[in-house]
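Quick note: the coordinates plus some simple rules give every number you see, no bench work behind them. Computed from a prediction, not measured in an experiment: that's the story for all the values here. Cβ placement follows ideal geometry from the backbone for every residue including glycine, while neighbour counts extend to all protein chains displayed.
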Amino acid sequence: MSTNYAGKVAVVTGGGRGFGKAFSQALADGGASVYLVDLDSEVAEAAAAQIGANAFGIAADVTDEARMQAVCEEIAQAHGGIDILINNAGLHSHEYSRPLAEMGLQKVRRLFDVNVMGTVACTLIAAPYMAGRDGASVVNIASAAAFSGGGYGTSKLAVIGLTMTFARELAADGIRVNAIAPGVILTDTIRSEMDPGTLGRIKSMQFLSQDGEEQDIVDAMLFLTGPTAKFITGETLRVTGGFAAGI
Ligand SMILES: NC(=O)c1ccc[n+]([C@@H]2O[C@H](COP(=O)([O-])OP(=O)(O)OC[C@H]3O[C@@H](n4cnc5c(N)ncnc54)[C@H](O)[C@@H]3O)[C@@H](O)[C@H]2O)c1
């Protein structure tokens, strides 16, 4: 799928690796100026350097409102505004996918801070710079886990709720807000952390037998941020090979 993003300005949180890096690459390939905002400054800068001259790595924590405000302000000043926000930064490693009692309050709080409040903060901060821009679009990265409970799943269910809420609240500013709920996709984090047994069990619950690929999620993002989705807002697109439909 190829969409023309020439002249567009995109902010991708968690842009240093995994989906975030793949989203950034695709948007930059389409001609956008892309800002990879990541907690890990080294990976953000390395990813931006690899992507090309129209990609920029920025160190920031999505839960740090003052820092995110400064980042968005700087980007908007340089380009006149922001067109696309991808709320992708999220905690989903094994450490944050355990039962609540095992995780303990401190980790649960951090999980919800990053996955939920990070999405709220980045959207509220970026929205004034996106208002009235042609094709302005927010895409939140939820998860198929949202439909099966658990601490992590509950944080992603909140992301789906926020998608509907922001779609309603930002429509008057011409900003569409949608979400993608990916199934298990073999990003580095999943590859290094998920044991083959769990992976096999999840795959056996898919309708389609093949592995989901990063490109499947990138294509969903390109669709939702592109002009063919101009009448779509408040929706969550499940990209799971049927996994989410089966639960
Ligand atoms: N990979 C999957 O199978 C899968 C499935 C469903 C949903 N997701 C969701 O997709 C998103 C990306 O997944 P991934 O596998 O690419 O993740 P990843 O762990 O490979 O990369 C996430 C990136 O986000 C950054 N990050 C973490 N906390 C941050 C913060 N507070 N502020 C700024 N940056 C921060 C990390 O440094 C990292 O570079 C996450 O929200 C995840 O929950 C992933």
So which residue, out of 13, 189, 154, gets the largest mean-square fluctuation from a GNM of the chain using Cα contacts under 10 Å as springs? 189
Residue by residue through segment 196-210, which ³J(HN,Hα) values in whole Hz follow from phi under the Karplus form 6.51 cos²θ - 1.76 cosθ + 1.60 (θ = phi - 60°), with glycine and proline marked x? x, x, 5, 4, x, 5, 5, 4, 5, 8, 7, 6, 8, 8, 6
Please list, or write none, the aspartates and glutamates whose alpha carbon is within less than 15 Å of the alpha carbon of residue 230, excluding same-chain residues fewer than 8 places away. 83, 134, 173
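Got the relative contact order for the chain handy, in percent, Cα pairs under 8 Å and 6 or more residues apart?
So the answer I get is 18 percent.
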What are the ³J(HN,Hα) values, in whole Hz, obtained from phi via the Karplus relation 6.51 cos²θ - 1.76 cosθ + 1.60 with θ = phi - 60°, for each residue of segment 161-174 in sequence order, with x given for Gly and Pro? x, 5, 4, 5, 5, 5, 4, 5, 6, 9, 4, 5, 8, x
Would you pull out the residues with amide H under 5 Å of residue 236's amide H, same chain only if 5 or more places away, H placed 1.01 Å from N? 179
I'd like the Karplus ³J(HN,Hα) series for segment 29-42: coefficients 6.51, -1.76, 1.60, θ = phi - 60°, whole numbers in Hz, and an x wherever there's a Gly or Pro. 4, x, x, 6, 7, 10, 10, 8, 9, 8, 4, 9, 5, 4
Over 29 Å between C-alpha atoms is what I'm after, so list which of 8/107; 8/203; 21/203 land there. 8/107; 8/203
Say we join alpha carbon atoms closer than 10 Å with springs in a Gaussian network model of the chain; which of 137, 192, 155 then has the biggest fluctuation? 192
Farthest positive-ward along segment 1-89 dipole, Cα basis, beta-carbon charges - from 5, 78, 60: 5
Within 10 Å of each candidate Cβ there may be at most 13 other Cβ atoms; applying that plus a DSSP loop requirement, which trypsin sites (Lys or Arg not before Pro) in segment 135-206 survive? none
Considering the chain as a Gaussian network with a 10 Å cut-off on Cα pairs, which listed residue, 214, 235, 102, attains the greatest mean-square fluctuation? 102
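According to the Cα gyration tensor, what semi-axes, each the square root of 5 times an eigenvalue, does the equivalent ellipsoid of the chain have, listed from largest to smallest in whole Å?
For the chain, the semi-axes come out at 27, 19, 18 Å.
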Computed D for segment 128-246, Stokes-Einstein, Kirkwood radius over alpha-carbon pairs, 37 °C, 0.692 mPa s, to the nearest µm² per second, is 217
Within straight cross-link reach of residue 156, meaning Cα distance under 18 Å, which aspartates and glutamates are found once same-chain residues fewer than 8 apart are removed? 95, 113, 235
Summed over the other residues with a beta carbon less than 13 angstrom from that of residue 80, with K and R at +1 and D and E at -1, the charge totals -2
